Amino acid sequence: MSKTIRVLHTEWSDGWGGQEIRIIHEMKMVRSEGVEVYLACREDSMIKDEAIANNIKVFVLPFRGNVDFITLLKLKKIIKYYSINIVNTHSGKDTWVGGFAAKLAGVKFIRTRHLSNKINSSRLNFINELADYIFTTGQKVKDDMIKYNRINENKIISIPTGIDDSIFNPASYSRAECRRELKIKDSEIAIGILAVLRKFKRHDLFLKMAKSLIKKFPNKVLVFIIAGNGPQKENIEKIINELNLTAHVKMIGHINNSPKFLCAIDILVLSSDSKEGVSQSVMQGLFMNKQVVSSDTGSTRDLFHNNNFQLVQKGDEAALINGVSIFLNNFDEVSTRKHMIRNFSSKVMVKKIMTSYKEILD
């Protein structure tokens with residue numbers, strides 16, 4: 001197809017986590033393939049600033065709810081004026097108004113489902129069935145939508161977030177320098193979590209695990225590093241104090257250079273108990289040849305291949321402790337990168353997306 005494809009993404013969320021990172025990354029990648037990309041979001045959303053920083057055209061709209069006629073009509077006007085071919089929606093509220101705007105304007109409607117928690121199966125919750133195509137970020141999300149939400153299996157595809165293997169490449173970083181920046185001593189074993197500070201990420205489990213591991217391995221110097229920001233910050237600080245972990249835990253806030261963080265630490269942990277699609281932090285850790293322990297949540301299992309990481313029962317503190325203990329008892333180097341490049345790189349992601357775009361429009 002020689003005609004330029006123009007895609008308008010909509011996002012109601014005002015936060016900054018894996019979902020929003022995926023959207024910006026996807027927009028940049030398809031733009032490199034000649035697609036024109038646009039974003040409609042709320043005024044105070046963090047994705048707005050990131051989009052502007054990447055020279056993406058942004059439209060600020062209210063997105064006040066599922067039935068927001070003002071936003072719907074403005075979206076329809078934008079679609080017509082900019083000759084949009086596809087509207088790609090991402091959260092619940094913007095999916096309703098964005099989906100109807102696409103239908104009224106006579107263009108294609110793609111719904112991207114990022115989270116793994118099940119969608120209400122009520123017949124009244126029909127907006128996903130109206131989509132011309134659905135992208136999910138993991139196989140389990142796809143399977144659940146077919147099973148519980150009446151989605152035609154020929155109109156849905158799992159496209160996990162692709163990782164840029166040129167950026168997430170351990171050969172590009174000095175481990176010693178990365179550890180110095182985080183003030184990690186040579187004698188310390190650094191166990192990290194890279195996640196927005198939201199309740200479902202279960203930082204409380206991570207900290208209880210930390211407490212137990214310190215007791216279990218008295219002859220090892222363990223330091224636990226929490227990277228990320230979010231609404232649970234005060235609660236996490238409170239738990240750290242309650243567990244007397246202030247000497248062992250560092251909260252470093254939001255980081256702009258995830259590869260350097262991953263290069264510096266020894267073990268990466270994901271303690272989430274719900275909502276994950278395919279965890280980007282786990283993917284990034286595997287691209288960086290890190291020893292990874294992850295709860296079996298969402299579609300994270302999609303990454304599991306030849307025991308390339310420890311996949312443990314979600315919400316289970318003992319399972320997390322056991323998973324990390326395996327690595328603490330045996331610090332052999334791991335090589336997980338090749339499998340990830342073949343199956344989960346940005347190039348793989350963008351190829352699937354571009355193929356889907358062309359099939360939908362043809």
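Computed from the coordinates by the stated procedures, all read-outs in this text should not be read as laboratory data. Everything numeric here is computed off the predicted structure, so don't read it as measured data. Cβ: placed from backbone, ideal geometry, glycine included. Neighbour counts: every protein chain shown.
The table for this structure:
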read-out: Antiparallel bridge percentage (DSSP; both residues within the chain; nearest 5); value: 0
read-out: Shape category assigned to the range 155-213 from the gyration tensor of Cα positions, a/c cut at 1.5; value: oblate
read-out: Karplus 3J(HN,Hα) series, Hz, for the range 46-56 with 6.51 cos²θ - 1.76 cosθ + 1.60 (x for Gly, Pro); value: 6, 5, 4, 5, 5, 5, 4, 4, 9, 6, 9
read-out: Estimated vicinal HN-Hα couplings, Hz - the range 31-42 in sequence order (Karplus 6.51, -1.76, 1.60; Gly, Pro = x); value: 4, 5, 9, x, 7, 8, 10, 9, 9, 10, 8, 7
read-out: Global geometry of the range 122-265, whether rounded, prolate or oblate, following the gyration tensor of its Cα atoms and the 1.5 cut on a/c; value: prolate
read-out: Of 48/76; 93/351; 77/275; 215/238; 108/147; 260/338, those spanning more than 31 Å from alpha-carbon to alpha-carbon; value: 77/275
read-out: Global geometry of the range 170-343, whether rounded, prolate or oblate, following the gyration tensor of its Cα atoms and the 1.5 cut on a/c; value: rounded
read-out: Highest to lowest packing among 105-114, 256-265, scored as the average C-beta count within 10 Å; value: 105-114, 256-265
read-out: Table column - 3J(HN,Hα) (Hz), the range 297-309, Karplus curve with 6.51, -1.76, 1.60, x for Gly and Pro; value: 10, x, 10, 4, 4, 4, 7, 6, 8, 6, 6, 6, 7
read-out: Qualifying chymotrypsin sites (Phe, Trp or Tyr not before Pro) for the range 1-82 [loop in DSSP, other Cβ within 10 Å: at most 16]; value: 82
read-out: The range 166-196: trypsin sites (Lys or Arg not before Pro) falling in loop per DSSP and having at most 13 other Cβ within 10 Å; value: 183, 185
read-out: Those Cys residues of the chain for which no other cysteine Cβ falls under 4.7 Å; value: 41
read-out: Signed unit charges on C-beta, dipole axis of the chain, positive-most listed residue 226, 244, 110; value: 110
read-out: Neighbourhood charge, 13 Å Cβ-Cβ cut-off, centred on residue 99 and excluding it, Lys, Arg +1 and Asp, Glu -1; value: +2
read-out: Residue (of 160, 136, 148) at the positive-pole extreme of the range 133-181, dipole from beta-carbon charges; value: 148
read-out: Amide H contacts of residue 161 (H built 1.01 Å from N, under 5 Å, at least 5 apart or other chain); value: 278
read-out: Under 5 Å, built H, 5+ apart or other chain: amide partners of residue 113; value: 135, 136, 137
read-out: Low-density loop cleavage sites - GluC sites (Glu not before Pro) in the range 299-362, where at most 10 other Cβ are within 10 Å (DSSP); value: 333
read-out: Cα centre as origin, Lys/Arg/Asp/Glu Cβ charges: the chain dipole, Debye; value: 520
